[in-house]
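Working notes, structure below.
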Amino acid sequence: MSSSAHRKALLLVTLGVLCGAALGAGTVCPPQPVRVSLSDYPTGDYLKGQGDAIADPDPGRLVLELRAVERRLGCRLVLLRLPNPRQLIGLKRGEIDIATAMPAAVAQAQGLDLPLRDGRPDESLAVAHSDINLVVQRGREAELGEPWRTRQRPNGVVGIPTQGMAADLARAQGWRTQALSRMHRGPDMLRLGRIDYWLVALASLPEELKLQDGKLVALQPAVLRTAYFHAARPAFRARNPAFVQAFWRAVHEASRDTLSELGTTGR
C-alpha cells in the first residue's frame, strides 16, 4: 500500500472510531425494550381502536408520535394497550416502564415521575391538556345548569368513571354519583334518566359519541382542566435517567405539531 493510500486508510479508520464513539456517547437506550402502556379505550383522534390491539392503518396521533420518538431515539418501544386500572397494577409490579397519557394529578398520586420545573409538573412538556365537563341532555340545560353555574354544585346524580381523578373529585365534593363501568354508556344513561349529569372529557370520546348530534350539552364552566404526561416508573427512571429525559424531550417535539385537546377517562 502506498504511503498516500495508507494515510487515507488510517484517516478513514480514525473517522470511523470517532463517529462510533460519538454515537456510543449519544446512546441512551435501556438494555431491554421499553414497555409503554396506553389505554385500551379510544380517545377520539388521539388514540383509535378499542381493546388490546393497535388500530391499523390509523392508530391515532399518540401511536404515531411514539413511533416517531422510537425512530428519533433509536430505542425500541413495546406498546401495550391495557385498561387503566391494569396499567397502574403493571407499573407497581414493574411490568410497565412508562404509562401514557396520564393526568398529572393521577401520576403524582401514584408516585410516578413526571418532568418537573421548580418542583411542579412542567406543563411546557405536557403532551396534551383537556377540560372535563358535566354533560346533560338537551332540554335540561337550564334546569341542571343553573345550580352548577351559580353554586358549582350539580343538583342530581352524576355519572362518573369507576376511578381516576374526575371520580375522586366528584366523591370528595360529596356529589351524588353513579359509577359507569363503561364510559360510552353515558348518553344512554342520560336518555333513560338513570343519571342527570355525565362527567367526561369530551375529547376522549369516539366521534360517534361526541355530543350526539346536538342531543347533549356540555355545561360551562368546566369542572376541571388538566395536563397529561408520559409518566415513568421511578425505579425505571433511576436506572435510565438519560433515556427518560431524552424520551420526554422527544415526545414533546413529536407532539408539538399535533398537540390537541385530550381527555382520558378511568374505567
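The values are calculated or read from the model by the stated rules, or taken from the named source; none is laboratory data. Remember, predicted model here, so these are calculated numbers, not experimental data. All Cβ positions, glycine included, derive from the backbone under ideal geometry; neighbour counts span all protein chains shown.
Take ARG194 and tell me if it is closer than 17 Å to VAL223 by Cα and either of a type outside the set (A, V, I, L, M) or more than 23 Å from the chain's Cα centre (by Cα) (or both).
Details: closer than 17 Å to VAL223 by Cα: no; either of a type outside the set (A, V, I, L, M) or more than 23 Å from the chain's Cα centre (by Cα) (or both): yes.
Answer is no for this residue.
Check segment 94-106 and report whether any residue there is at pLDDT 95 or above, surrounded by fewer than 16 Cβ atoms within 10 Å (Cβ to Cβ) and not assigned by TED's automatic domain parsing to the domain that holds ASP213. Looking through segment 94-106, at least one residue is at pLDDT 95 or above, surrounded by fewer than 16 Cβ atoms within 10 Å (Cβ to Cβ) and not assigned by TED's automatic domain parsing to the domain that holds ASP213.
Pairs linking a residue in segment 67-92 that is farther than 14 Å from LEU38 by Cβ and in the same structural domain as ALA55 (by TED's automatic domain parsing) to a residue that is of a type in the set (Asp, Glu) and crowded, with 17+ Cβ neighbours inside 10 Å, with Cβ atoms under 9 Å and 6 or more positions apart or on different chains, are ARG76/GLU70.
Out of ALA242, ALA166, ALA246, ALA227, one residue alone is surrounded by 14 or more Cβ atoms within 10 Å (Cβ to Cβ), at pLDDT 90 or above and among the aliphatic types (A, V, I, L, M). It is ALA246.
The residue of segment 66-91 that is surrounded by the most Cβ atoms within 10 Å (Cβ to Cβ), among those that are within 18 Å of ASN240 (Cβ to Cβ) and either among the charged types (D, E, K, R) or touching a helix residue (DSSP H, G or I) at 6+ places or on another chain (Cβ under 6 Å) (or both), is VAL69.
Within this structure, TRP175 passes the test of being on the phi < 0 side of the Ramachandran plot and assigned to a loop (DSSP other than H, G, I, E, B).
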